[in-house]
Amino acid sequence: MPRPRDTAATGESLFADFSSQPLAARMRPRSLDEVVGQEHLLAPGKALREAIERGVPGSMIFWGPPGSGKTTLARLVATTTARAFVPFSAVSEGVPRIREIVAAARARLDSGGPGTILFVDEIHRLNRAQQDSFLPPSEDGTITLIGATTENPSFEINGALLSRTRVFVLEALSPAHIETLIRRALADGERGLGAMALAVDEEAIESIAAEADGDARRALTVLEAAAAHVGTGGRITIEVAREAMQKRFARYDKAGEEHFNLLSAYHKSLRGSDPQGALYWMARMIDGGEDPMTLFRRAIAMAAEDIGLADPNALTIAVAARDAFHMLGPPEGYLPLAEMTIYLATAPKSNSSKEALGAALEAARNTPAAPVPMHIRNAPTGLMKELGYGRGYQYAHDSPDAYLPQEYLPDEMRGTEFYHPGPFGYERRVAERLAWWAKRKRQAEGGGEETGDGGPDSA
């Protein structure tokens, strides 16, 4: 693969000689004022813009989705601060090339030349040793490092490098931003398509902007393809635009941050009782190629964590839906997935089981040596019976209502409550049952008479 050209180091303009470049490359902004979007970083008075305009940008990481302008912004940092711009591909180059770049940057400084912006595209693809190689030259000022990544730097950039850089988050461009770029390209007779005198329907522009998913490069590539299809003086209709777009692929990385973001959105929509949101995020993941078992695993956990005993059927339905998918496979198997999703989203919610588990585990860790009360110990041998194991135990089924008050916790835990039923669904019945048992226990401890009413389930 050819090495990226070090254009600024040879004194050439970063934006010259674009006649043979794709439209997206030709239309790169030539100044900060031409940048569309990223106002949170580049509006007057914002920290990044001020650092660039003062000529002291420092090493940084640009984190954002494809087509949000990471490379363009790195180039603008170089031109605005009068530094050489040296691109480095994390996909095709390695440590020897880094050493070569650093040596050239040091020689440039020694000869009174400009500083160097080392731009590392897809920096998250470098291993730890490769990332570490940037530390000395960036710390001693030989280079200013700018990395670009579509992945969360917290996960993909090692701590030493991350602590020496500022992370700036670029946002996906809005349809309005992309419409602005499309109109600019259509009007620009020097770098854009203005010389072609195209007629472009408004709905075609709107469709391209909406279908680009915030990716300016994709939008301009589609526009260029549509222009080539109709030719000079032609008309780009929505049908032509759709033909140029072909299939719109979902932006979804099953192993990256977006995977966890969408899975989190799905779980939180279920927890928040929003079937519309849950179905949407489910569909996004399925359309993006996610393994349905990932969704089923999260849903089964959610049924226990967020619904619990408010609707005991939720866990049963989640497991049954998973089994149905195994039997049917796609696409029919998506039907039980959708049915399960709707059921879980609309079920009454309770996290009392989760809270009870946490409280019980904490108590167990705080009292690891608490002895089992004698009356509920196992007594398989004569000696153990002689020692009092099992003595005084009352068999619940000896009572007509299958309940006999007795203590089941260690003495030091007596009276502790871990489980508090919620107010919704089936747990209302559980609460009634617990209240009735507690009343019976109080009566027994106080020497009062038992109610003998058969309990809350006797009706």
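Looking only at the stretch 149-157, decide whether some residue is assigned to a helix (DSSP H, G or I), open to solvent by less than 20 Å² (accessible area, probe 1.4 Å), farther than 20 Å from ARG26 by Cα and at pLDDT below 90. Checked the stretch 149-157: at least one residue is assigned to a helix (DSSP H, G or I), open to solvent by less than 20 Å² (accessible area, probe 1.4 Å), farther than 20 Å from ARG26 by Cα and at pLDDT below 90.
Just give me the residues in the stretch 356-386 being over 30 Å from GLY422 (Cα atoms) and assigned to a helix (DSSP H, G or I), in sequence order. Across the stretch 356-386, the qualifying residues are MET374, HIS375, GLY382, LEU383, MET384, LYS385, GLU386. Out of the stretch 306-355, which residues are assigned to a helix (DSSP H, G or I) and among the basic types (Lys, Arg)? Passing the criteria: ARG322, LYS354. ALA278 fulfils the conditions (1) assigned to a helix (DSSP H, G or I); (2) surrounded by fewer than 22 Cβ atoms within 10 Å (Cβ to Cβ) except for a single criterion, (2). For the stretch 53-90, a tally of residues being assigned to a loop (DSSP other than H, G, I, E, B), in contact with a strand residue (DSSP E or B) (Cβ under 8 Å, 6 or more places away or on another chain) and more than 19 Å from PRO29 (Cβ to Cβ) returns 3. Applying the condition of being open to solvent by 50 Å² or more (accessible area, probe 1.4 Å) and modelled with pLDDT under 90 to the stretch 83-99 and asking which residue is nearest to the chain's Cα centre (by Cα) yields VAL91. Tally time: how many residues in the stretch 186-198 are out of contact with any Ser or Thr (no Cβ under 9 Å at 6 or more places or on another chain), surrounded by fewer than 15 Cβ atoms within 10 Å (Cβ to Cβ) and hydrophobic (A, V, I, L, M, F, W, C)? Result for the stretch 186-198: 1.
Of the residues examined, ASP411 is one that is modelled with pLDDT under 90, open to solvent by 90 Å² or more (accessible area, probe 1.4 Å) and under 51 Å from the mean Cα position of the chain (by Cα). Within the stretch 251-273, how many residues are at pLDDT below 70, assigned to a loop (DSSP other than H, G, I, E, B) and either of a type in the set (Asp, Glu) or open to solvent by 20 Å² or more (accessible area, probe 1.4 Å) (or both)? Here the count works out to 5. The residues of the stretch 110-124 that are under 16 Å from THR71 (Cα atoms) and assigned to a helix (DSSP H, G or I), listed by number, are ILE123, HIS124.
Of the residues making up the stretch 387-407, those that are open to solvent by less than 70 Å² (accessible area, probe 1.4 Å) and in a loop (DSSP other than H, G, I, E, B) are GLY388, TYR389, GLY390, GLY392, SER399, ASP401, ALA402, TYR403, LEU404, PRO405, GLN406, GLU407. Against the condition open to solvent by 30 Å² or more (accessible area, probe 1.4 Å) and small (Gly, Ala, Ser), how does ALA345 come out, does it pass? Against the criterion (open to solvent by 30 Å² or more (accessible area, probe 1.4 Å) and small (Gly, Ala, Ser)), ALA345 does not qualify.
Scanning the stretch 73-103 for residues that are closer than 17 Å to ILE146 by Cβ and of a type in the set (Gly, Ala, Ser) turns up ALA74, ALA78, ALA82, ALA84, SER89, ALA90. Remark: ALA172 falls outside the filter, which requires a residue to be assigned to a strand (DSSP E or B), of a type in the set (A, V, I, L, M) and under 23 Å from the mean Cα position of the chain (by Cα).
Criterion applied to VAL56, VAL77 was being of a type in the set (A, V, I, L, M, F, W, C) and open to solvent by 20 Å² or more (accessible area, probe 1.4 Å), and the one residue passing it is VAL56. Scanning the stretch 126-143 for residues that are open to solvent by less than 30 Å² (accessible area, probe 1.4 Å) and aliphatic (A, V, I, L, M) yields LEU126, LEU135, ILE143.
The values are calculated or read from the model by the stated rules, or taken from the named source; none is laboratory data. Everything quoted here is computed from the prediction, not taken from an experiment. Positions of Cβ are backbone-derived with ideal geometry, glycine not excepted, and every protein chain shown enters the neighbour counts. Accessible surface areas use protein heavy atoms only, side chains included; no ligands, DNA or RNA. Shrake-Rupley method; radii C 1.70, N 1.55, O 1.52, S 1.80 Å.
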